[in-house]
Amino acid sequence: MTAVASPDHLRLTPAQKKARRQHLKTTKNRPTDIKEGWTPFRAAEKRFKAKWPPPDMSSVLDLHLEDTDCASGSGGEASQTGRRGAVDWRQIDVPVNEKGNKAYVFPRISGMRDHFVSRMYILIAYIICKYMICRLSGLVYLPGFVSSDEQRRLIHWSLKDHAKLPNETNLDAHYLFPPGGLWDVYLKFLNDGTDEETIQPKASTSSSPAASSTPYNASADPTSGPRTLISNSPASPSLLPTLLTLSTPPPAPSPNAKPCSPAALVPKLRWANIGWHYHWGNKQYDFTRGRGGGVAEVYRAVCKRAVQSVNWEDVYRGIAITADEGDGGAIEEWRTWREDYEPDAGIVNFYQTSDTLMAHVDRSELCAASPLVSISLGCTAVFLIGGPTRDTEPVPIFLRSGDVLIMSGPCRRAYHGVPRILEDTCPAHLLGSFNSQTAPSSDQGDDWKPYAEYMRSARINVNVRQVFPRGFDPGLPI
Ligand SMILES: O=C(O)CCC(=O)C(=O)O
Ligand SMILES: [Fe+2]
């Protein structure tokens, strides 16, 4: 008997056909009840991560749909738009802000599920269950907050100036870089057209003679794949004495790392630390190692501006930050965030479009409620945010280049993750098709082309936090 291809099947692109074949192969012998053990968060991750069937993005909150300046994806992946109405929201006009944009949002804390949106400043106070009102509020979304020019400045800074010592990156444990860092060597490599500046692995120069003769095994390569996430207990000021005594040995250099060209290592860059030294092994800050390069002014300025642009009184009207948000989450501390919010730590995440970030809670900061400011650059991500456990159904939100998301108060310790980066969604203003208004500022000095090539299939997320609560003296060297 001859199999007849369905019309749907015939319409598939080669990439979709490949994804479908892969899906059928990997799920052939899988038990059908596997989904039963999944939490709602896990199920959502699986759904958005799937290459086949392509996820239905109509449930994803997409607040750029009326804002064409911000949503300028170059086309490609079929379902790269969500829906403005994917979740309920209501717009409220409030006084004009300093930029002249009419914008503000006012939460109505009464129904089951409320979302309030304005064009430039958006506040989402969502409620999954009535009894979870406090746990899930404090999320503020500012779509297109960062201008095109500033996006390029942040990208330039992240790759060239930030991802090098004293800011540790995921590659530092395994490779030896010259003082200029990986990106600098990569640019030289592009200019010279030679591959002479081969990056040497640390293990081959260490005392282990066996290291350099170990055959390369890609699956054992610690620099490939997503960030490793381990569960840790929430930090708080009362735990500081204990945190200061924790031993935080540096990770061992991988014996599998081989001499590598800069071009091969650039896509393996996953993260670079900001400020207070963070130990990825035990998920705690190692305060004894100080503040590294501190929080660069380019990051600090955007974060402060974002926090200052929010009317926190409106955000927290009717919502209390209760003592169980951690002893750093003092009641009504939001009253002074506009004046005294000061970031001191964080991470720059570098994603390739195949990367994901699993559900997690950022609980290593002693400050349990202060704003965490997250800046998205490059390709669009599906961001999921749920509640205090993975059992809360997460809300999916598109984060596009230039968007800023602030997690504060109760939602600061909500589960969240990035199950998908959408291919071909890097906006034109980052890809080199500039006009005189959008050309990169001359203060960036070098040619934008390598940055554009990198961003075509990448997303950078600058994730900035405040470790110590206001007025808390950790008694540590600055
Ligand atoms: O990439 C993002 O949008 C989120 C990153 C994140 O959650 C983190 O760095 O802890
Ligand atoms: Fe996070």
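We did not get these values from a lab; they are worked out from the coordinates using the rules stated. Because the structure is a prediction, the values reported are computed rather than measured. No Cβ is skipped: glycine too gets one built from the backbone with ideal geometry, and neighbour counts run over all protein chains shown.
Give, in nm to one decimal, the length gained when the segment between R335 and K188 is fully stretched (0.36 nm per residue of separation minus the Cα-Cα distance).
Fully extending the segment from R335 to K188 adds 48.0 nm.
Quick one: 3J(HN,Hα) in Hz for segment 345-351, Karplus 6.51/-1.76/1.60 with θ = phi - 60°, rounded, Gly and Pro as x.
After applying 6.51 cos²θ - 1.76 cosθ + 1.60, I find 7, x, 8, 9, 9, 10, 10 Hz.
Which FRET efficiency value, to the nearest 0.05, do you get for D56 and A428 by plugging their Cβ-Cβ distance into 1/(1 + (r/R0)^6) with R0 = 22 Å?
Once rounded, the FRET efficiency stands at 0.25.
Report the label-to-label distance for T288 and A264 in nanometres (one decimal), using points 7 Å from each Cα along the Cα→Cβ vector.
Output for this residue pair reads 3.7 nm.
Would you kindly state how much longer the chain becomes between E313 and D161 on full extension, computed as 0.36 nm times their sequence separation minus their alpha carbon distance, in nm to one decimal?
51.1 nm
Please report the spacing between the Cα centers of segment 371-386 and segment 35-65 in Å, no decimals.
16 Å
Between beta-carbons, use under 11 Å as the cut-off and find the net charge around Y316, counting Lys and Arg +1, Asp and Glu -1.
That sum, taken over residues with Cβ under 11 Å, equals -2.
Please give the FRET efficiency for F472 paired with T198, using the beta carbon to beta carbon distance and R0 = 60 Å, rounded to the nearest 0.05.
0.85
Please work out the FRET efficiency for the pair K449 and A43, using the Cβ-Cβ distance as r and a Förster radius of 41 Å; give the result to the nearest 0.05.
Efficiency for this residue pair is about 0.50.
Taking 0.36 nm per residue of separation and subtracting the Cα-Cα distance, what length does fully extending S238 through L12 add?
Length gained between S238 and L12: 75.6 nm.
Through the Karplus equation 6.51 cos²θ - 1.76 cosθ + 1.60, θ set to phi - 60°, convert the phi angles of segment 397-402 into ³J(HN,Hα) values in whole Hz; use x for Gly and Pro.
10, 6, 10, 9, 4, x
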